[in-house]
1. Here are Ala204, Ala96: which of them is open to solvent by 10 Å² or more (accessible area, probe 1.4 Å), touching a Lys or Arg at 6+ places or on another chain (Cβ under 8 Å) and over 19 Å from Thr253 (Cα atoms)?
2. Among the residues of the stretch 212-242, write down those that are within 19 Å of the chain's Cα centre (by Cα) and of a type in the set (Gly, Ala, Ser).
3. Residue under question is Trp119, and the condition is that it be buried (at least 21 other Cβ atoms within 10 Å of the Cβ) and in contact (Cβ under 8 Å) with a residue 24 or more places away in the chain; does it hold?
4. Could you tell me whether Val245 is closer than 26 Å to Arg353 by Cα, more than 21 Å from the chain's Cα centre (by Cα) and either surrounded by 15 or more Cβ atoms within 10 Å (Cβ to Cβ) or in contact (Cβ under 8 Å) with a residue 40 or more places away in the chain (or both)?
5. Which of the residues that make up the stretch 276-316 are part of a loop (DSSP other than H, G, I, E, B), open to solvent by less than 40 Å² (accessible area, probe 1.4 Å), touching a strand residue (DSSP E or B) at 6+ places or on another chain (Cβ under 8 Å) and touching a residue at least 60 places away in the same chain (Cβ under 8 Å)?
6. Name the pairs whose Cβ atoms lie under 8 Å apart, with the first residue in the stretch 218-235 and under 18 Å from Leu128 (Cα atoms), the second modelled with pLDDT under 90 and among the small types (Gly, Ala, Ser), and 6 or more positions between them or separate chains?
7. For the stretch 144-184, give me each residue that is among the hydrophobic types (A, V, I, L, M, F, W, C), open to solvent by 40 Å² or more (accessible area, probe 1.4 Å) and at pLDDT 95 or above.
8. Scan the stretch 185-200 for residues that are surrounded by fewer than 24 Cβ atoms within 10 Å (Cβ to Cβ) and within 18 Å of Asp105 (Cβ to Cβ) and jot them down.
Amino acid sequence: MTPDTPHSLRDAAGRRWPAPDGIPFLRAGRDALAGEALARLDAGDREGALVLLLADQDDWWRGPTATPDALRALVRGQARLSLREAMALLAWGPVADYFAHRWSDPTFLAGLALVEAHWTAPRSAFELACGIGHHLRELARRDVAVTGSDVVFAKLWVARHWVCPEATLLCLDAAQDWPALGPFDLVACHDAFYFLEPKRKILARLRGLGGLLAISHVHNRDWPNFSAGSALTATEMAALLPDAVLYDDADLTRALADGDAPRPATPAALRSAEAFAAVAGPGLAPAHPVAGLLALPPPGTLLRRNPLYDAEGRIAWPSERYGREYGARATYPPCAAAPDRAVLDAATEVAARRRELLDLPERW
């Protein structure tokens, strides 16, 4: 695909696709939406095109749809709004809680630990279902050229303006035909694979992009999960990726907090796990300790107190559901005080590992 205007691309068949703010909208089954957005862009109406695309959601979505007025306010205020204000205008509800606090949730830490434990010094990385770019941001700050895709345009647009502006981003459904991508040194899918179908076909595409394949936080169908999706068992995952090393997601989180190496697990041992992870690739080496290369921000980074603490140092969950889903595996102490601001150094490393202190985006 090649750019044919500053706001659109043309594919090999000659079809044009909208790409406002440098994010191609290639989602299958949305021909009318893509056409209307492209027409508005061609007419010079960026705001109108974005209002259309930002309202689009995935097929699992059961929440409200943001109003056109709210989306217009979002587009007009993109340079001054905080991330949380932007997500409120998008009417993301519990998903906004998930994204706002993902920097300290145990599933995010598990994904970081999985990649760092098998770190190969990648120069390029691709993440399928990247959300608003949490993992892309961490890789980009280590000089990795990052590309992310997601089925929801609004998530990519938030990534562009609040989380990882340097990423290459594209909107598509994992099940559709993909444009030519890669090769990449690292290919990942974090906290999303259980949503995706058909799994075997998608895995084959991911493996075809080359490099290390890291898939974290796959919901276990044998465990009562909180989220929607199409979960599978560890035995099924092992059948899909017979050369993969499997981990209990909880052990990956522990490894990051403790600075240890995660412990591989058999499918049988993972029957009672809430979620598991898999890593595969040519020349895969045993896991090494999660020393902090990816798990911690660069030394000297100014950290902020985890906003889940109240003024007395007690955890105040954003919702009862959030507390039930993430509280049991939270690595930060359940009752502790931390400074409002601190620089990452040897004295603050433990607090940063536990996520008492966080490296949040500037406009969090």
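The values are calculated or read from the model by the stated rules, or taken from the named source; none is laboratory data. None of these values were measured; they are calculated from a predicted model. Note: ideal-geometry Cβ built from the backbone for every residue, glycine included; neighbour counts use all protein chains shown. Accessible surface areas use protein heavy atoms only, side chains included; no ligands, DNA or RNA. Shrake-Rupley method; radii C 1.70, N 1.55, O 1.52, S 1.80 Å.
1. Ala96
2. Those that are within 19 Å of the chain's Cα centre (by Cα) and of a type in the set (Gly, Ala, Ser): Ala214, Ser216, Ser227, Ala228, Gly229, Ser230, Ala231.
3. No.
4. Answer is yes for this residue.
5. Gly281, Ala287, Pro297, Asn306, Leu308
6. Listed by first residue and then by second, the contacts come to Val218/Ala231; His219/Ser227; His219/Gly229; His219/Ala231.
7. If the condition is that a residue be among the hydrophobic types (A, V, I, L, M, F, W, C), open to solvent by 40 Å² or more (accessible area, probe 1.4 Å) and at pLDDT 95 or above, then Ala145 is the only one that fits.
8. Result: Ala192, Tyr194, Phe195.
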